[in-house]
């Protein structure tokens, strides 16, 4: 049933209730504060005892052998690439639609990036566009669980095994998510994630590397955890070099983050379940609404989005008379619901990935060590390039309050049902601009 006229055109807003702490994150309690004070009062901020406890608990939570805490998710991704054998002149395969840290650490290793397509429905790496991009220089595939949606890992792992390359899962958006019943971050060969304070699992500033492979774990320790090399390194290719970091980095996690992280992890499963229940309720209310699609795996698939970090929806303008996603978002914002069109910058089109000479090689860094020109111009990834016009942010609910969530769902439904009114109305110069 059509609701009253759009707020953008003079009607009343769909969202009338005060959200309170519906969107507040992270949840910090006395337990978190006490854990930090204990570290502060004994001057242990740069030690590793709390961090090691966190690592053991994090590994056990995932049911995996090795977890190594890092200063950031970016550091963990760089270590994962080096542990996977990425060296000067090598290539990694990665989606262009992702945060820059999924790809740019390759430059620090003298390697380069080849971007592959994403699936239109998941915004995750398309297994059907990987194999033809593999060369004798390919060392790793970075599978990003984008906006929480799990990648299609089984075919990606099969391709990697067939060609002898490693898979790195980037779980920064998908803590606690599952793929066919398996926790994300436990399927690839060497996996990494950010745990910064805004993420679904918030610890402050930090990141983690996860692996079942002892040699990969040792390599990651050697790369950026010099103070632990003497006790960890056994492999003869690494053991003679204890005491100094191979990567010239100090990548240990600050112990205030470790202290908060241990508390957050104890509560994460219940908090994640409440987020999931809330987000699923929101999308269930929008089932069948033209122009909008949930960005989540099919029900009953055994796959889910975990903590739903950076939740988005998929937009189908053809069902709304071709209404641009920016205009759609503008109208939803006027209804009182936070949104914006698009997602991350497309890396394959950014000048830094095509023109910048970062290290003074006299040529763009992207091709400085490559045996060929791997740059990919506009039009080379048509599905990826269509995504900014076919996605939009949705509210990230932290608590299950169905009556309030229903008001936010109504904002999206109302705009979709009044799309014809927007197509016929001129844009007003003073209206706020939506930005991706």
Next item on the list: Can you put 339, 29 in order of Cβ neighbours within 10 angstrom, beginning with the fewest?
Entry: 29, 339
Checklist line | Nearest-ten-degree value, helix 49-62 long axis tilted from longest Cα axis of the chain | finding: 60
Checklist line | Antiparallel bridge percentage (DSSP; both residues within the chain; nearest 5) | finding: 60
Next item on the list: Find the relative contact order for the chain and round it to a whole percent, using C-alpha pairs within less than 8 Å whose residues are 6+ positions apart.
Entry: 22
Item checked: Per-residue Cβ neighbour rank within 10 angstrom, fewest leading, 50, 171 -> 50, 171
Next item on the list: State whether the range 30-262 is rounded, prolate or oblate according to the following rule on the C-alpha gyration tensor (a ≥ b ≥ c being the square roots of its eigenvalues): a/c under 1.5 gives rounded; otherwise a/b larger than b/c gives prolate, and the remaining case gives oblate.
Entry: oblate
Check: If contacts are Cα pairs under 8 angstrom and at least 6 residues apart, what is the relative contact order of the range 196-341 in percent?
Finding: 18
Notebook entry, point to check: Relative to the longest principal axis of the chain, what angle (0 to 90°, nearest 10) does the C-alpha long axis of helix 73-83 take?
Noted result: 50
Item checked: Förster-model FRET efficiency, 22 Å R0, residue 354 and residue 318, C-beta, rounded to 0.05 -> 0.10
Check: Using alpha-carbon pairs under 8 Å, 6+ residues apart, how would you state the relative contact order of the range 30-262 in percent?
Finding: 26
Check: By how many nm would the segment from residue 273 to residue 389 lengthen if fully extended, with 0.36 nm per residue of separation less the alpha-carbon distance?
Finding: 38.7 nm
Check: Does the range 248-327 come out rounded, prolate or oblate, given a ≥ b ≥ c as the square roots of the eigenvalues of its C-alpha gyration tensor, rounded meaning a/c under 1.5 and, failing that, prolate meaning a/b above b/c?
Finding: prolate
Check: What is the helix-to-structure angle for 214-224, meaning the angle in degrees between its Cα long axis and the longest Cα principal axis of the chain, kept from 0 to 90 and rounded to the nearest 10?
Finding: 90
Next item on the list: Sum -39500 (n - 2.57) across every DSSP H segment of at least 4 residues in the chain, then divide by the residue count to get the 222 nm mean residue ellipticity, nearest 500.
Entry: -9500 deg cm²/dmol
Item checked: Part-to-part distance (alpha-carbon centres) for the range 228-307 and the range 11-80, which is given in Å -> 10
Next item on the list: Treat the count of other C-beta atoms within 10 Å as a stand-in for reagent exposure and order 199, 363 from fewest to most.
Entry: 363, 199
Next item on the list: Would you give the gap between the C-alpha center of the range 97-126 and the C-alpha center of the range 345-389, rounded to a whole Å?
Entry: 11
Check: Going highest first, how would you order 236-247, 305-316, 117-128, 11-22 by mean Cβ packing within 10 Å?
Finding: 305-316, 117-128, 11-22, 236-247
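Where a number appears in this text, it was derived from the coordinates with a stated rule and is not lab data. The structure displayed is predicted, hence computed values, not measured ones. Here Cβ is always computed from backbone atoms with ideal geometry, including for glycine, and neighbour counts include all displayed protein chains.
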